[in-house]
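Below: one structure, written as structure tokens.
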Amino acid sequence: MALGVSALPAQGADTVPDPATADSYGSVRNVVPAGQAGSINALELVRVLLGDPLGRVAVDGKNAPKNFADQLEMYDDLAKHRPADITDAVIDKDYKKAGFVPEKVVSTTRPKAGVTIQRDQFGVPYITGKTYEDTMFGAGFAGTQDRMFLMDALRHLGAGRGAEFVGGTEGNIAMDREQLRTSYYTPKEAEDQLQVIADENGAEGQRLLRGADAYIAGINAAQKRMCPLLLPVGADCPAEYLALQKKPTPWTRADLTYVASLVGGIFGKGGGHEFANGIYYDKLVKKFGATKAREIFTSLTQKDDAEAPTTASTSFPYDTDAFDPTKPGVAIPDLDGPTASGTGDDAGSTTSLETLLDALRLGLTGIPAPPKETKPPGSAIDLTSLFRTNGMSNALLVGASKTSTGHPLAVFGPQTGYYNPQLLNEQVLMGPGVMARGVSFAGTNLVVELGHGLDYAWSATSAGSDNVDTVAERLCNADGSKATVKSTSYLKDGECVPMTYNLHKETVIPNITAPTAPKTLKFQVWRTHHGIVQTRTTVGGVPVAIVLERSTYGREAASILGFSRFNDPGFTKDAASFQKAADGIDYTFNWFYADDQDIAYYSSGRLPVRSDETDTDLPRWGDAKYDPSGWLPFSGHVKQINPPSGYLASWNNKPAHGFAAADDNWSDGPVHRSLALSRRVETAIASGDVSRAGLAGIVEDAATEDLRAKELLPELLDVIGDDPATAEARGLLQDWYDDGAHRVDYDRTGSYAHQAAIRIFDTWWQDGDNALAYDFAAGGLGADLAKALPQSLDDHPRAGQGSSWLGSPWYSYIDKDLRTLLGKPVASPYSFGLCGDGSLAACRADLRASLAAAVDRAEQAQGVTSPSALTYDKSIDYIRPTVGGVVGVRPIDWQNRPTFQQVVDYRTHRTR
């Protein structure tokens, strides 16, 4: 029987919803590789080393501790099934039951009065609190048990101190520089943010602040229990502390801000590439002149392409003005202007004595650095792939009228890259004002960020909406002398004021994973009232500081408000209230909702309402009159409930027509990987009702498709035509396309089907300095401008993090240009020709030569004389989890799939 609204506890009450009743509304299953247990103690490390002493790789069923890698095997198993073979039994095997009542209680702990933590057979903690604060304490305690060292690493990364904590590798130092340029805060600034956000939100904000403090207390209590006296020893103390010769330290409010800054600065933003755009536009002007350059730039950016696949079926105009570099607020950097240092650049050298004193002050010790030719055992702890992560999540929801159950179905999840332990940490929170199960980024799990509540589920994909602008501040000197790019003051409201300067120091010492020489690193940090200074240069000869202005900078913790509303069954009761909850999230995400009746969508973000005198693709002057006038209201955000198509699909594609793409995203054209979902679900809907297993099969089928080949091969082969020199290669490519253009080894034979075609296509697409895109665009843009495009050429599985085919505009350029040459219908046509400079004959000759050269290079590289003899090593594509500790997990076959994935099937609901 459905639970009535009147039976729900009010926010802050002393009662807790009945978990058994919550599980009666329907079924949710999920999977989170590699496993719930993310901490390795000394004894568990010995077990791993006995099985793999050099690589330190833990394999479930062999040398892995319990719950350390068990979900990795479930996750990998799904990719062994052809879509038609994915049944309810397969789902029940490869996704665990995600209810509020444990299937089996393996352990029970009570870390303090009012808090109970039960764990099931997968190690997932079920946290029950007598009060809201008790629940938050339990979240901090259990989260630390599962991710203590990773949480510690993330708070150091957020503070720009990753190298100091895990080792001074080149990658870790570069990551710290990048974090300073994105989200630098002094400890006091970070500490104060929670109070500021709480004060903005009245009683609700103060309640969240109390919850945050209780969460921090839970973290600190767990640390003390796991590592007594906060020494790097103890039966449950993570082995990494002793290996790195570090000691745990207590958490503060500042640490929550630092971890949140990683989420906001990496996953929850879009835009900020106006400087690079300005440089590229200048190059176009230099070659083509201002008029043609403007036309070309407009076409290449694809701000609002009529053919772009969208999630919502209705229009939501935002930033709709046409590209205009002549507006008075535009500040295009000089192409060859002088430059000076910015944030993250070196701030001077240090002496060995200074390094020693800094190390002693911080309590750091270290092993002597070995000779340069000596390599450490295993691999260094290096989380640099975190900063290479793009929005990679997907969502496919089918409405009640199109399913076999007569109720909505959903398969969705976030893709945050593959790490061990996983960045996402699962938990079940049950207490007054909170009833939710799902995942959160480690260190922010005082809320469930993605998961399900009492009788509804939700998920997100990165929207990448434009919440970052580039501002050119006019430099000046306080004494009135002529400014240069080295000046350290700027004009604010007509007054010359100094930029804020901070010296960021960190000391790195050698450890067994990164035996580098000890040193103290010094970085400059420059800021204006708009944000963090990236560099200094000139605009029209005027010295300027180039500043990134992110709408969420200084508000990293504000989105907790929206997440807490997702978790609260007293707030989120239906699709409309879910959209209101999502509006409380400042980060730019696409949010999806499903219950027993509705599917819904809302695209969140603190999005600026920009001045009409500026251009969204180019930097603006720092004068106050060009600043945003406010923030996009709820009514202006993209949203929809139960679309007429009967489904919602998102794979980081365009939210809606009229909603202009962010300045860093030129890939919202006709070819987007979301087509791999929408093509399949439209076919399924047309052929009959969609089942739970059928929907999971659709998403998994899309997970192994090579989007480039699927969308581009028909036109590419059509234009090449009957070319004897490439006949055999074209036949192989055609056969691969006809079979679905997949990169998959269902039977695990050790190689992909159609491996020769895959090798040919990959070599053709990009092979060192050779690339199909460059050959393709040479006639229209010229090779130099094609290579200088400030966008990615590809997003290949070889990156090792699972997600692929996102962010390259070349997929759409090639598709639309070839359709134009072939005389096919084209909406939003380009104003110029790329391939063959608009000549079909010239394009045909260029493509024939390009394919023939690629086949020749592939044959020479493998020493074969026939295209059909070519092979492809599928291990190149393996998902290779980044090691966030001293122990890793095995690589698995590639699949383009969320890291955490839910299968949702609700049948009943509270009284509406």
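Values in this text are rule-based calculations from the coordinates and carry no lab data. Every value quoted in this text rests on a predicted model; they were computed, and no experiment measured them. Cβ sites come from the backbone with ideal geometry, for glycine too, and all protein chains shown count toward neighbours.
Over the C-alpha atoms of the stretch 628-723, the Rg to Rh ratio, Rh being the Kirkwood estimate, stands at 1.06.
With R₀ set to 35 Å, the beta-carbon distance separating ALA42 from ALA174 gives a calculated FRET efficiency near 0.65. Potential lengthening of the chain between ARG857 and LEU503 amounts to 122.4 nm, from the contour at 0.36 nm per residue minus the alpha-carbon distance.
Adding -39500 (n - 2.57) for every DSSP H run of four residues or longer, then dividing by how many residues the chain holds, sets the calculated 222 nm ellipticity at -10000 deg cm²/dmol.
Dipole orientation for the chain: of the candidates LEU397, THR343, PHE68, PHE68 has the Cα lying most toward the positive pole (charges on Cβ; Lys, Arg +1; Asp, Glu -1).
In this entry, the chain is assigned a mean projected area of 36.7 nm², taken as a quarter of its C-alpha convex hull surface.
When a/c is below 1.5 the answer is rounded, else prolate if a/b is larger than b/c, else oblate, so apply that to the stretch 245-329 with a ≥ b ≥ c taken from the square roots of the Cα gyration tensor eigenvalues. Prolate is the answer for the stretch 245-329, as a/c is 1.5 or above and a/b outweighs b/c. First obtain the Kirkwood hydrodynamic radius of the stretch 200-311 from its Cα pairs, then insert it into the Stokes-Einstein equation at 37 °C and 0.692 mPa s, and state the resulting D in µm² per second as a whole number. Stokes-Einstein gives a translational diffusion coefficient of 168 µm²/s. Principal axis analysis of the Cα atoms in the stretch 693-736 yields extents of 45, 16, 12 Å, listed in decreasing size.
For every other residue with a beta carbon closer than 13 angstrom to the beta carbon of ASN67, add +1 if it is Lys or Arg and -1 if Asp or Glu, then tell me the sum. My count for the surroundings of ASN67 gives -2. Counting every other Cβ atom within 10 Å of each residue's Cβ, CYS237, CYS496 order from fewest to most as CYS496, CYS237. Each semi-axis of the equivalent ellipsoid for the stretch 707-877 is √(5λ) with λ an eigenvalue of the Cα gyration tensor; in descending order they amount to 26, 18, 15 Å. Remark on the stretch 588-654: ratio of C-alpha radius of gyration to 2.2 N^0.38 Å is 1.49. In percent, rounded to a whole number, the relative contact order of the chain is 19, using alpha-carbon pairs under 8 Å and six or more apart.
At the listed q of 0.13, 0.16, 0.26 Å⁻¹, the Debye profile of the stretch 762-839, built from one uniform point per Cα, gives log10 I(q)/I(0) equal to -0.42, -0.62, -1.30. Annotation note: GluC sites (Glu not before Pro) in the stretch 503-602 located in DSSP loop regions with a Cβ neighbour count of at most 16 within 10 Å are absent.
Shape class for the stretch 802-880: oblate, because the ratio a/c of the largest to smallest gyration tensor axis (alpha-carbon atoms, square roots of eigenvalues) is 1.5 or more and b/c is at least a/b. Packing around the peptides 659-667, 508-516, 737-745, 138-146, taken as the average count of other Cβ atoms within 10 Å per residue, puts them in this order, highest first: 138-146, 659-667, 508-516, 737-745.
Its Cα centre serving as origin, the chain has a Cβ charge dipole (Lys and Arg +1, Asp and Glu -1) of approximately 1920 debye. Quick one: Debye curve from the C-alpha atoms of the stretch 424-497, no solvent, what's log10 I(q)/I(0) at q = 0.20 Å⁻¹? The calculated log intensity ratios at q = 0.20 Å⁻¹ are -0.87.
Sorting 561-570, 57-66 by their mean Cβ neighbour count within 10 Å, with the most densely packed peptide first, gives 561-570, 57-66. With the charge dipole of the chain set up from +1 on Lys and Arg Cβ and -1 on Asp and Glu Cβ about the Cα centre, the Cα lying farthest toward the positive end among the listed residues SER299, LEU154, ALA703 is that of LEU154. In the stretch 694-777, the ratio of gyration radius to Kirkwood radius, Rg to Rh, stands at 1.00 when only Cα atoms are counted.
Please say if the stretch 123-207 is rounded, prolate or oblate, where rounded means a/c under 1.5 for a ≥ b ≥ c the square roots of the C-alpha gyration tensor eigenvalues, and otherwise the choice is prolate for a/b larger than b/c and oblate otherwise? Oblate, since a/c reaches 1.5 and b/c is not below a/b.
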